[in-house]
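The values are calculated or read from the model by the stated rules, or taken from the named source; none is laboratory data. A quick note: this is a predicted structure, and the numbers were derived from the prediction, not measured. As a convention, Cβ positions derive from the backbone with ideal geometry for all residues, glycine included, and neighbour counts pool all protein chains shown.
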Amino acid sequence: MPSQYFLQDDKVGLRPLEDADAAQLCRWVNDQAVLVYLGIPGRLTEGQELAWISAMRGSQSDVVLGIVDLTDGLLVGTVGLHLINRTDSHAMYGIMLGERDRWSRGLGTAAGMLACDYAFNTLNLQRVHLTVADFNPRGTKSYERIGFQHEGRLRQHVFKQGTYHDVLFMGLLRDEFNRQHTAWREAQAQRYGIELG
């Protein structure tokens, strides 16, 4: 495994964010086509993104990594575990694919698999959860492929693109993930040269 990647599979490598990534992140969060899927207001400056990278680097309750497309080494987004709760053993999942020409290629699903495997089998969390707006079927399908199950809905909870939309709650448990992805985990264990516990 290349040393610059914290985690990787055959599609993506995940690496720590660097200060030099701030300009790229700023471009993504100010792109309306990307921003519509995020729970942030947008109009962020490069300085604000730099401060956020620094805060994530020092956080005890967040793990945020850059997603690199292994076909060409391009940084295409970020994936993270947020609000990590060691007492109750859960975290909130979040992802941003900023490079629109890389959408629908399975990169987000691959990054999500790596992040969830890390959450469950390294951090020893019991549960990972997320929210997704009902107008994001591509994201929802990706989460379902990772193994997230639908758990609830907040009706007309967000106002986007001139109308109100429902927000869906999805969750995934450690045993569900490990059972569903046994072959993938075995391939990853071979990649890292370790044995599954």
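Looking only at helices (runs of 4 or more DSSP H) that lie completely in the stretch 123-197, which have at least 3 residues being without any contact (Cβ under 8 Å) to a residue 60 or more places away in the chain and either under 16 Å from the mean Cα position of the chain (by Cα) or farther than 24 Å from LEU7 by Cβ (or both)? Quick ask: steps written out before the conclusion?
Numbers: elements: 137-146, 174-180, 182-192.
Result: 137-146.
Would you tally the residues in the stretch 142-197 being among the small types (Gly, Ala, Ser), more than 25 Å from THR122 (Cα to Cα) and modelled with pLDDT under 90?
Start the filter on the stretch 142-197 by keeping residues that are among the small types (Gly, Ala, Ser), which leaves 142, 147, 152, 162, 171, 183, 187, 189, 193, 197.
Of the ones still in play, those that are also more than 25 Å from THR122 (Cα to Cα) are 152, 162.
Of the ones still in play, those that are also modelled with pLDDT under 90 are 162.
Of the residues in that region, 1 qualify.
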- prompt: What residue, among those in the stretch 21-38 that are modelled with pLDDT under 85 and either among the small types (Gly, Ala, Ser) or not in a loop (DSSP other than H, G, I, E, B) (or both), is surrounded by the fewest Cβ atoms within 10 Å (Cβ to Cβ)?
  reply: GLN32
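Condition check ((1) outside any strand (DSSP E or B); (2) modelled with pLDDT of 90 or more; (3) touching a His at 6+ places or on another chain (Cβ under 6 Å)) across all residues:
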residue: ARG43; (1), (2), (3): yes, no, no
residue: LEU65; (1), (2), (3): no, yes, no
residue: ASP72; (1), (2), (3): yes, yes, no
residue: THR87; (1), (2), (3): yes, yes, no
field: Criterion violated by GLY193 - all others in (1) surrounded by 18 or more Cβ atoms within 10 Å (Cβ to Cβ); (2) under 23 Å from THR71 (Cα atoms); (3) of a type outside the set (D, E, K, R) satisfied
entry: (1)
field: Selection from the stretch 39-80 of residues that are exposed (fewer than 12 other Cβ atoms within 10 Å of the Cβ) and of a type in the set (Lys, Arg)
entry: ARG43
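Is it the case, given these coordinates, that ALA22 is more than 16 Å from LEU81 (Cα to Cα) and not acidic (Asp, Glu)? Lay out the reasoning, then the answer.
Details: more than 16 Å from LEU81 (Cα to Cα): yes; not acidic (Asp, Glu): yes.
Yes; evaluated as a whole, the condition is true for this residue.
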